[in-house]
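A quick write-up on the structure given underneath.
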Amino acid sequence: MSQGPRSGLAAVSSALLAMSRHLEVRDVLKTIVASARELLDAQYAALGVPDDHGGFAQFVVDGVSDAQWKAIGPLPRRHGILAAMLDEARPERLADVRKDPRFEGWPSAHPDMSDFLGLPVRDGEEVIGALFLANKRCPKPEGGCGFTEEDEELLAILAQHAAIALTNARLYERSRELTIAEERSRLAHELHDAVSQKLFSLRLTAQAATALVDRDPARAKGELHQVAALAAEAADELRAAVVELRPAALDEDGLIATLRTHTQVLDRAHTARVSFATNGFRALPAAQEEAVLRVAQEALHNALRHSGAEHVRVTVDRRGGGAVLRVADDGGGFDPKAVRRAGRHLGLVSMRDRTGGVGGTLTVHAEPGRGTTIEMEVPGG
């Protein structure tokens, strides 16, 4: 901390605040690595989370370009210095990692590293990661390490807080998985109830048509028309539930691509026209993008199932550092004064909860006979 204790403390505080802003494990790992490299002024930094098979479940680097990382090849195995940090749970500070007897080489595309500082990341007695830095940007003593004992102490503080941030992120992801599982269970029950009712009505109507076909063909014809209508409704219920059960591709594709695909599927599955447009959108933190997706799905579900709309339009636009989602339909609408009575039926309670959970606001514009617009605004990261 050549700039003095005050600037060092400010840098640590800044790094810890950056870690606390993220809930996704991958985001937390990236923030830890970037913070460590900046804090100790190193050329390279990395953090590996071990798996149970001698390798790494996740390995995040900072200071290496995407092209370099791709050229390096598969993730490293747990051997050499990395294995020592994980298995012996002790720090490693080396003048030249290449001269250490445990060094086993690296791929040809791997950047050249000399001085090295590494620490295990521990959650109690469990080692949950290995954090290391290489190539300190400073004049190095002859045959010595650029990283100092003070650097090691500073990195130890960061590693302790990294363990807390990483553990919290894992707990968040597990709780989200449970929430998704509960949502899937709810949808499965909803699918069973809705389709079962339609099929039961279908069966009774078909039986009535069979009984009438000889003595009253006109009435039988009417019943058969009803059979066709019920079959179409059952198919719509099935399609809607199956679409909702599909896992969101947020992690791979991002919010815009996921929403575009979702609306295209709904457009094919329903008689109403479903369209999507976006303007100037900038990526949001993962938790906010998930909330926007879920609110859009709920609003689309309401519009397609309850409003009788001919056209449902979904838009996502940038607003300041955040974004605004609108789901507007030209259906039957409803009386805003009755929103308390309609709220639970229309999913407005869950939409408000999801929106409030990410610091956003939800507004409902509706009028009988003039459609409904759901507007959700979320702040940036």
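The values are calculated or read from the model by the stated rules, or taken from the named source; none is laboratory data. Quick caveat, the model's predicted, so the values are computed rather than measured. Heads up, the Cβs are rebuilt from the backbone with ideal geometry, glycines too, and the neighbour counts pull from every protein chain shown. Just the protein is used for accessible areas: all its heavy atoms, side chains included, with ligands, DNA and RNA removed. Shrake-Rupley method; radii C 1.70, N 1.55, O 1.52, S 1.80 Å.
The table that follows gives values for the structure above.
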| item | result |
| --- | --- |
| Candidates per GluC sites (Glu not before Pro) in the range 110-165, loop by DSSP, up to 12 other Cβ within 10 Å | Glu125, Glu142 |
| In sequence order, calculated HN-Hα J values of the range 299-312 (Karplus, 6.51, -1.76, 1.60; Hz; x Gly/Pro) | 5, 5, 4, 4, 4, 7, 9, 10, 8, x, 6, 8, 9, 10 |
| Cut-off 12 Å between beta-carbons: net charge of the residues surrounding Ala89, Lys and Arg +1, Asp and Glu -1 | -4 |
| Loop trypsin sites (Lys or Arg not before Pro), the range 82-139, which have at most 15 other Cβ atoms in a 10 Å radius of their Cβ (DSSP) | Arg102, Arg137 |
| Accessible heavy-atom area order of Asp100, Asp27, Asp87, highest first, probe of 1.4 Å | Asp87, Asp27, Asp100 |
| Under 5 Å, built H, 5+ apart or other chain: amide partners of Val121 | Ile128, Gly129, Ala130, Leu131 |
| Residue among Trp106, Thr167, Gly118 farthest towards the positive dipole end of the range 90-171, charges placed on Cβ | Trp106 |
